[in-house]
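Quick notes on the structure that follows.
The values are calculated or read from the model by the stated rules, or taken from the named source; none is laboratory data. What you are looking at is a predicted structure, and each value in this text was computed from that prediction instead of being measured. Positions of Cβ are generated from backbone atoms using ideal geometry, with glycine treated the same way; all protein chains shown enter the neighbour counts. Note: areas computed on protein heavy atoms with side chains; ligands, DNA, RNA excluded. Shrake-Rupley method; radii C 1.70, N 1.55, O 1.52, S 1.80 Å.
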Amino acid sequence: LAQAILAQTDIDRQAVEQTLHRADWSFFGETPLTVQVGMFAPADHGESIYQIVPPKVYESPKPPMYRSKVPVYPPTASTFHAPGTSHPFTSNMAGDATEMPVKQRSHANFGRKQGSYRNEPGAFMKKLSKSSSVPSLAEIRRTSPEQLKPTQLRESRFAGGGGPPKRGEEPVTGLVTNKNFVVANAVEVILAPAKKPTRSSSTSALARNENFGKVPKYLTRVKKDIDNEYEYICQLHGQQFAETQAPITDLAEEERLDLLEKLKAKWEKVNTDYQLETHVTLLDSEGKVRRKEKCEAELMQLEKDIERLSKKNIQVDHSA
C-alpha cells in the first residue's frame, strides 16, 4: 500500500512540474526566480503524505533588460542646457524638438564630488620624466666606443700620404736662385703656341646636320599665326572705333544753297511779323510782350543759322 501511494505521489508531482514548466508568467510583471511546487499543494491540515518527498526548486532564466525603442528627445520646457542663448529661462516649450536646442558642453554638469579636484602632493612632474639626459663622453667611451669612430677618413694633406716629418729629419735649407720668375713666365706665355679650339663630338654632330643654322619650320608657322591674329585684333579695334565715332558727312553745295534760301525766306516772314509789332509803344498785356520776345529770339537764331550756312565746306554730324 505504501509503495502504491508513493508511486501516485510521484505521478502527481511530475504533472505539477510539467504544468509549472509550461506556464506563462509574463502577466505578473516580473518572472519569479523561484517557484516551489508546494504553493499549489492543498491546505496544510497537519501531516500529509504529499510532503514526504520534498518538492524540487526551479529557477527560471532572467530575461534581458528592456530597451525602449522610442528615441530620447529633449525634455519639454527645460530650464537646463540653455545658458547664454536668446532663451535663457526655458527651452523646447512646444515639445517638438528632436535634438538638444543647445549642444552639451564638456564639464557643463553639476561637477564631481567635493574634494575630487584637490591636487595630489605626489603627482608632480619628475626630472627627466618626458626626456632623457645626454650621456657624457666618458660614459660613451665606456658603454659604446664604436660611436666615436669616424665613418669617413679625410685624405692626408702631405704629399704621398707620408704624414708629418719624423723627429730626426731636417728640412732642406739654404737654397738660393737668381731666376726672375715674372720675366720667365711672360716669355714662356709669349713663345707658347696658340691653342686650337676643341669641339666636342656632340657639337660636331650638330654642325653636320642639314638643318643646322636654319629657322625651324614650326617657328615660321607660329609667327604667321601670330601675325594673322594681330591683324584680326586690329581690324576689330578699328570697327569698334568706327562704331563709337559719330558719323560726319560733308553737306552738298546744292543742299546748302537750298537751306540758305529757305532760312532767308523764313527770316523775311518773321521780320514782317516783328515789324507789325514794333509800332506798338505801349505793351499793356502779357501776350504782346511774349510775341515781341518770341520774334526777336527767332530773328537772332535765324541770323546765326544764315551766317553758318553762308560758309563753304560744312560738315553734318548725324549723331546729334
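Each row is one residue, and each column tells you yes or no for (1) modelled with pLDDT under 85; (2) among the acidic types (D, E); (3) surrounded by 10 or more Cβ atoms within 10 Å (Cβ to Cβ); (4) over 30 Å from L137 (Cβ atoms).
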| position | (1), (2), (3), (4) |
| --- | --- |
| Q147 | no, no, no, no |
| E155 | yes, yes, no, no |
| A159 | yes, no, no, yes |
| G168 | yes, no, no, yes |
| V176 | no, no, no, yes |
| F181 | no, no, no, yes |
| A186 | no, no, yes, yes |
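Checked against (1) in a loop (DSSP other than H, G, I, E, B); (2) open to solvent by less than 100 Å² (accessible area, probe 1.4 Å); (3) at pLDDT below 80, A205 passes all but condition (1). Here the stretch 37-89 is the region considered, the condition is being of a type in the set (G, A, S) and surrounded by 10 or more Cβ atoms within 10 Å (Cβ to Cβ), and the residue that is modelled with the lowest pLDDT is G38.
Checked against (1) assigned to a helix (DSSP H, G or I); (2) of a type in the set (S, T, N, Q); (3) within 30 Å of K311 (Cα to Cα), N228 passes all but condition (3).
Residue by residue, here is whether (1) open to solvent by less than 100 Å² (accessible area, probe 1.4 Å); (2) charged (D, E, K, R); (3) touching a residue at least 24 places away in the same chain (Cβ under 8 Å) holds:
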| position | (1), (2), (3) |
| --- | --- |
| K224 | no, yes, no |
| H237 | no, no, no |
| T244 | no, no, no |
| K262 | no, yes, no |
| V280 | yes, no, no |
| K294 | no, yes, no |
| M300 | no, no, no |
| I306 | yes, no, yes |
| L309 | yes, no, yes |
